[in-house]
Amino acid sequence: MLTRRRALLAGAVSLGAAGVAAACTPGTGNRAATAPPPAAGARAARRPLKPSEYRLRPLTGYGPPRTAPGGTPVRREPLLRVSGRGRTMVLTFDDGPDPRYTPHILDTLARYEVRAMFFVCGEMASYNRDLVSRMADEGHVVGNHTWSHPLLTRLRRSRIRSEMERTSDVVEKACGDRPEWFRAPYGAWNRAAFQLGAELGMEPLAWTVDTLDWTEPGTRTIVGRVEDGAAPGVVVLSHDAGGDRSQSVRALRSYLPELLDSGYHVTVPRRQYV
Ligand SMILES: [Zn+2]
């Protein structure tokens, strides 16, 4: 397993300082910044929210990007895509792990020897540590998606920190490493999320293509959204928890071989350290 994992790691796509500027093109798909967020997850907010609540809050001041202790840059917006050579794409699965769906997704990824990213919720991870451990063992990247999937823009800084820290703790217990990537629930980022994420050594990753699989639009629709959105550098958002995700499971079985047949290299981004 270790040998396989190392071989897989060698294939990781580069996403470092050089790639970040290109990767940060604003407005190229972070729909949650302008549209109502997906109500993914059993913990989804019920009340409609004002559009202003999803806007990225600009940081005050100018000058070179600041760096948090430990060397992770403090960003002003999340990364929306990855840079890499050739036709590279990244698949991400949020809100899990869920024992009803995550194992099937892992099985499909293993069948095609493809690595993906799982942005887990700490609460789910604490109940399913074996699945978090399996993700890491099979070479996938385990990211931090907060403990209870709250809307961060409504929380005090101390609560945001707790949501992020507890999740990193449980991931570390399950697989030995702390997450290096963070994704805000509903794509609702704010300055505190960027700052705290950087302090905890995590880069913020959003997405380019939203499958909207949480609306259960039908397997064929999900497949179509992935295939229509396929392009070099694209990050795809799907869910492996938060409701009935059987369509997401079936869709992956269909679009993954199609992407590979089309010449896409489906992999995970690699952090680069200064
Ligand atoms: Zn989510």
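Structure data summary
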| read-out | value |
| --- | --- |
| Any hit, segment 123-141, residues being within 15 Å of the chain's Cα centre (by Cα) and free of Cβ contacts under 8 Å to residues at least 40 places away in the same chain | no |
| Any pair with Cβ under 9 angstrom, 6 or more apart, that starts in segment 186-206 at a residue that is touching a residue at least 12 places away in the same chain (Cβ under 8 Å) and ends at one that is within 16 Å of the ligand (Cβ to nearest atom) and among the basic types (Lys, Arg) | 187/31; 188/154; 204/183; 205/183; 206/183 |
| Single condition residue 184 does not satisfy, out of (1) away from the ligand (no atom under 12 Å from the Cβ); (2) of a type in the set (A, V, I, L, M); (3) surrounded by 24 or more Cβ atoms within 10 Å (Cβ to Cβ); (4) within 23 Å of residue 131 (Cβ to Cβ) | (1) |
| Among the candidates 129, 178, residue that is touching a Lys or Arg at 6+ places or on another chain (Cβ under 8 Å) and farther than 22 Å from residue 214 by Cβ | 129 |
| Filtered residues of segment 167-181 (kept if within 16 Å of the ligand (Cβ to nearest atom) and not polar (S, T, N, Q)) | 171, 179, 181 |
| Hits in segment 90-147 - residues which are of a type in the set (Gly, Ala, Ser), within 21 Å of residue 227 (Cα to Cα) and buried (at least 24 other Cβ atoms within 10 Å of the Cβ) | 116 |
| Residue selected from segment 93-122 under the condition within 16 Å of the ligand (Cβ to nearest atom) and of a type outside the set (A, V, I, L, M, F, W, C), by the criterion nearest to the chain's Cα centre (by Cα) | 94 |
| Tally, over segment 230-274, of residues that are of a type in the set (A, V, I, L, M, F, W, C) and over 14 Å from residue 91 (Cα atoms) | 2 |
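Residues are listed down the side, and each one gets a yes or a no for (1) at pLDDT 95 or above; (2) of a type in the set (Phe, Trp, Tyr); (3) farther than 22 Å from residue 110 by Cβ; (4) touching a Phe, Trp or Tyr at 6+ places or on another chain (Cβ under 9 Å):
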residue: 138; (1), (2), (3), (4): yes, no, no, no
residue: 142; (1), (2), (3), (4): yes, no, no, yes
residue: 147; (1), (2), (3), (4): yes, yes, yes, no
residue: 160; (1), (2), (3), (4): yes, no, yes, no
residue: 181; (1), (2), (3), (4): yes, yes, no, yes
residue: 188; (1), (2), (3), (4): yes, no, yes, yes
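Residues checked against (1) at pLDDT below 95; (2) at negative phi; (3) out of contact with any Leu (no Cβ under 7 Å at 6 or more places or on another chain); (4) not β-branched (Val, Ile, Thr):
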position	(1), (2), (3), (4)
177	no, yes, yes, yes
195	no, yes, yes, yes
222	no, yes, yes, no
228	no, yes, yes, yes
236	no, yes, no, no
247	no, yes, yes, yes
253	no, yes, yes, yes
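The values are calculated or read from the model by the stated rules, or taken from the named source; none is laboratory data. Owing to the predicted nature of the structure, the values given are computational and were not obtained by experimental measurement. When we count neighbours, we look across all protein chains shown, and the Cβ atoms used for this are built from the backbone with ideal geometry, even at glycine.
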